[in-house]
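The values are calculated or read from the model by the stated rules, or taken from the named source; none is laboratory data. All values derive from a computational prediction rather than experimental measurement. Because the Cβ atoms are built from the backbone with ideal geometry, glycine has one as well, and the counts that use them run over all protein chains shown.
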Amino acid sequence: MADAHGAGRAGDSGCGAEISIFLRFDGGCVSRAAFTASGSSAVIAAGSILTGKLEGVSWRRAAALTVAEMLAEMGGSGTQVAEDARPGSPEQAAIFAVEALQAALEDSLGRGTFPVAPGAEPDTVIVAMSGGVDSSTACWLKQEQGLQVIGVTMRLWSDPEVDAADSGLSCCSPRAIRDARQVCHSLGLPHLTVDYSRPFREKVVEYFVTEYLAGRTPNPCARCNGSFRFPELMRLAERLGAAGMVTGHYARIITRDGRRMLARGRDTGKDQSYMLWGVRQPLLASMEFPLGEMRKVEVRELARRAGLDVHDRVDSQEVCFIPDDDYRRFILSQLEATGTGVPGAGEIVSVSGNRIGKHGGYINFTIGQRRGLGGGAAEPLYVVGIEPETNRVIVGDRGDLAVDALTIGDINCFLPREEIDEFGVQLRYNSPSLPGRVVRKQGGSGGDAAGEQWHIQLDKPAYGVAPGQSAVMYLDDMVVAGGIIISTGKAETSLRGG
């Protein structure tokens with residue numbers, strides 16, 4: 001189909017079957033569907049059956065079409081996992097046909113030829129699906145409430161050196177996308193995958209590498225949520241005609257004086273509000289976190305009772321684009337791939353400037369680290385500073401690691417900034433808050449914190465705090481502001497940072 005709005009392919013000639021699906025839309029419906037197939041009579045039959053089912057149906061119905069529906073007409077009843085299907089079987093053909101359909105829908109979304117809704121439908125929401133138990137349970141809960149649910153999965157860039165094995169560790173791996181689709185289809189819901197790999201790499205991955213080169217310790221998840229993931233999902237919701245967006249985060253949205261506010265989840269061990277500080281307040285009006293009042297053990301039990309196959313899936317603990325959690329390997333591979341010079345050997349020096357030893361590259365170190373500093377010192381040594389410009393790593397004892405003054409930038413406020421003075425400040429994910437206060441604000445204008453820097457005094461020292469990390473301010477459980485740490489120090493001395 002030369003004028004197709006979307007085209008998708010699945011299968012492989014090496015496994016005995018290939019199929020391509022072509023779609024054209026008129027309004028919100030599939031006006032034409034065509035296919036090409038080769039390798040087995042079953043896959044040709046699957047293409048014919050699928051295209052017959054598609055013409056004239058809404059895109060939502062097309063996105064909800066399941067392998068089981070195909071098999072009901074093809075006479076198969078076995079596995080719905082491609083790797084387990086016998087070559088040339090109806091099961092394999094049905095799986096490939098649905099995968100090709102999903103790829104065609106994804107292609108249309110990427111081209112900008114996918115139908116655009118005329119307006120938001122109040123009873124329709126999108127649910128961001130990662131293939132894990134949390135997003136799947138959130139999806140089921142919204143369906144149980146009687147809402148029209150559209151499951152969406154963001155295809156993000158991930159390290160190809162690890163993805164080649166498709167370990168399934170990443171929330172954006174091919175396996176995770178298949179799991180998310182399977183959950184939606186098992187509930188009779190449409191599922192769409194949208195390819196954001198290029199902008200994700202530009203806005204999140206390159207930021208991560210650049211920050212490490214600058215000697216800072218970035219938080220890519222907070223960066224992603226605030227500047228990429230949630231804004232993009234909200235734009236997608238509007239395009240699909242959804243009135244709101246739902247995720248499986250352990251956080252809450254509360255109301256204070258008529259203002260929607262971000263707050264900690266009830267499960268303090270799983271609370272993710274720290275990672276969400278960058279989400280702009282206007283987005284909160286259209287967002288929901290259904291798991292915010294629940295504990296993880298309750299979510300798993302609810303998923304089990306709902307019959308969700310992912311109820312016992314292991315949580316992903318890694319940065320999504322580095323599934324093996326090897327930051328050093330990843331950064332080096334990215335520098336080599338882009339032809340950027342790799343930082344070489346340099347000196348390890350004490351806070352007083354005395355040479356302690358040599359290091360193999362400052363990107364191997366973060367503030368607070370003890371490993372890799374050698375032995376022989378009377379007291380344990382810690383990394384207390386990184387100087388990319390001199391290629392030096394600064395070390396000291398635990399007392400040198402203590403800081404009680406911070407300067408933060410890239411500030412996002414949830415209350416008018418003049419109301420934010422004293423608070424508890426959280427400096428790492430899942431760490432306790434420390435009492436603190438703003439001692440000086442500079443920059444910014446017109447009541448907006450954009451471009452502003454805050455100088456914060458802590459009531460007691462914090463240890464291992466690095467420039468680049470997030471500082472999130474709370475009043476009780478409510479997030480009032482957040483920002484990126486620019487520099488740290490002791491209140492009576494100058495601040496140090498990247």
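Things to note:
- Restricted to strands (runs of 3 or more DSSP E) entirely inside region 218-296, no element has at least 2 residues that are of a type in the set (Phe, Trp, Tyr), on the phi > 0 side of the Ramachandran plot and surrounded by 19 or more Cβ atoms within 10 Å (Cβ to Cβ).
- Single residue of VAL149, VAL205, VAL162 found to be crowded, with 20+ Cβ neighbours inside 10 Å, within 23 Å of ALA251 (Cα to Cα) and touching a residue at least 24 places away in the same chain (Cβ under 8 Å): VAL149
- Test: residue in region 57-77 that is modelled with pLDDT of 95 or more, small (Gly, Ala, Ser) and assigned to a loop (DSSP other than H, G, I, E, B): yes
- For region 84-128, a residue qualifies if it is of a type in the set (Val, Ile, Thr) and in a helix (DSSP H, G or I), and the qualifying residues are ILE95, VAL98.
- Remark: ALA176 matches the filter, which requires a residue to be crowded, with 18+ Cβ neighbours inside 10 Å, of a type outside the set (Asp, Glu) and either part of a loop (DSSP other than H, G, I, E, B) or in the same structural domain as THR217 (by TED's automatic domain parsing) (or both).
- Options ILE386, ILE394, ILE363, ILE356; residue that is within 12 Å of TYR212 (Cβ to Cβ) and in a strand (DSSP E or B): ILE386
- Out of ASP326, ASP312, sole residue that is in contact (Cβ under 8 Å) with a residue 40 or more places away in the chain and surrounded by fewer than 17 Cβ atoms within 10 Å (Cβ to Cβ): ASP312
- Pairs are defined by a Cβ separation below 7 Å, a sequence spacing of at least 6 or placement on different chains, a first member in region 240-254 that is in the same structural domain as CYS29 (by TED's automatic domain parsing), and a second member that is among the aliphatic types (A, V, I, L, M); no pair meets this definition.
- For region 346-371, taking the residues that are in contact with a strand residue (DSSP E or B) (Cβ under 7 Å, 6 or more places away or on another chain) and either in contact (Cβ under 8 Å) with a residue 60 or more places away in the chain or within 18 Å of ASP326 (Cα to Cα) (or both), the one that is surrounded by the most Cβ atoms within 10 Å (Cβ to Cβ) is identified as ILE367.
- Selection within region 23-44 - under 15 Å from ALA97 (Cβ atoms), in contact with an Asp or Glu (Cβ under 9 Å, 6 or more places away or on another chain) and not polar (S, T, N, Q): LEU23, VAL30, ALA33, ALA37, GLY39, ALA42, VAL43
- In this structure, GLY188 qualifies as on the phi > 0 side of the Ramachandran plot, at pLDDT 80 or above, assigned by TED's automatic domain parsing to the domain that holds SER130 and outside any strand (DSSP E or B).
- Any hit, region 129-140, residues being buried (at least 17 other Cβ atoms within 10 Å of the Cβ), in contact with a Lys or Arg (Cβ under 8 Å, 6 or more places away or on another chain), part of a strand (DSSP E or B) and assigned by TED's automatic domain parsing to the domain that holds GLN182: no
- Of VAL319, VAL297, VAL279, all but one fail to be in the same structural domain as LEU213 (by TED's automatic domain parsing), in contact with a helix residue (DSSP H, G or I) (Cβ under 6 Å, 6 or more places away or on another chain), more than 27 Å from LEU381 (Cα to Cα) and not charged (D, E, K, R); the exception is VAL279.
- Counting only residues that are free of Cβ contacts under 8 Å to residues at least 40 places away in the same chain and farther than 18 Å from ILE95 by Cβ, region 6-28 holds 2 of them.
- Filter pass, ILE456 being in contact with a Pro (Cβ under 6 Å, 6 or more places away or on another chain), at pLDDT 95 or above, crowded, with 19+ Cβ neighbours inside 10 Å and within 13 Å of THR407 (Cβ to Cβ): no
- Members of region 397-434 that are of a type in the set (S, T, N, Q) and assigned to a strand (DSSP E or B): THR407, ASN412, GLN426
- Considering region 6-35, the residues that are among the hydroxyl-bearing types (Ser, Thr, Tyr) and more than 14 Å from PRO115 (Cα to Cα) include one that is surrounded by the most Cβ atoms within 10 Å (Cβ to Cβ), namely SER20.
- Residue within region 340-354 that is outside the structural domain of SER135 (by TED's automatic domain parsing), at positive phi and within 33 Å of the chain's Cα centre (by Cα) present: no
- Evaluated against (1) surrounded by fewer than 15 Cβ atoms within 10 Å (Cβ to Cβ); (2) not assigned by TED's automatic domain parsing to the domain that holds PRO199; (3) not in a helix (DSSP H, G or I), GLU336 falls short on exactly one condition, (3).
- Test: residue in region 300-307 that is assigned by TED's automatic domain parsing to the domain that holds ARG229 and not in a helix (DSSP H, G or I): yes
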